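A short worksheet on the structure shown next.
The values are calculated or read from the model by the stated rules, or taken from the named source; none is laboratory data. The structure displayed is predicted, hence computed values, not measured ones. Note that we place each Cβ from the backbone using ideal geometry, even for glycine, and neighbour counts take in every protein chain shown.
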Amino acid sequence: MRLTSNRTVNVIIPRPTADLIVDRARSLWGSNALLTTGAVTTVFVRPTRNGQRSIAASPIGAFHITFDSPTHGQATIVRLEWGTPTGGTEDDIRQFLNGLTGWPVVGYGLPRTA
């Protein structure tokens, strides 16, 4: 999988919110949802087909979370990625991330690509 576009962001959230995001992604897609490398956890976003999330579908994007950063008890979303031959936009990633928590974690006031 190659994601063609990305944006560095600096969205600080409470650690329990980050844990909720990871837990919900894991419940949707199992072990294929996450990749942890050092202090960074990558959450892969997979498309919805016929109203259901597809475990086997290739990711359309991802976001990266650093835990206990900037301080203990917090986490920072540090990067959004999107764009594959099968689709995926920055808005898709933002909407998915906000949907996992039920509130707008990644605000739409952040700068975007043109």
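Tell me, please, whether a residue that is in a helix (DSSP H, G or I), of a type outside the set (K, R) and surrounded by fewer than 17 Cβ atoms within 10 Å (Cβ to Cβ) can be found in region 77-91. Within region 77-91 (the criterion being in a helix (DSSP H, G or I), of a type outside the set (K, R) and surrounded by fewer than 17 Cβ atoms within 10 Å (Cβ to Cβ)), the answer is yes, since at least one residue qualifies. Scanning region 82-107 for residues that are aliphatic (A, V, I, L, M) and at pLDDT 80 or above yields I93, L97, L100. Of the candidates T36, T8, T17, T42, the single residue that is under 12 Å from I77 (Cβ atoms) and without any contact (Cβ under 8 Å) to a residue 24 or more places away in the chain is T42.
Considering T66, T36, the condition of being at pLDDT 85 or above, closer than 18 Å to N6 by Cα and not in a loop (DSSP other than H, G, I, E, B) is satisfied by T66 alone.
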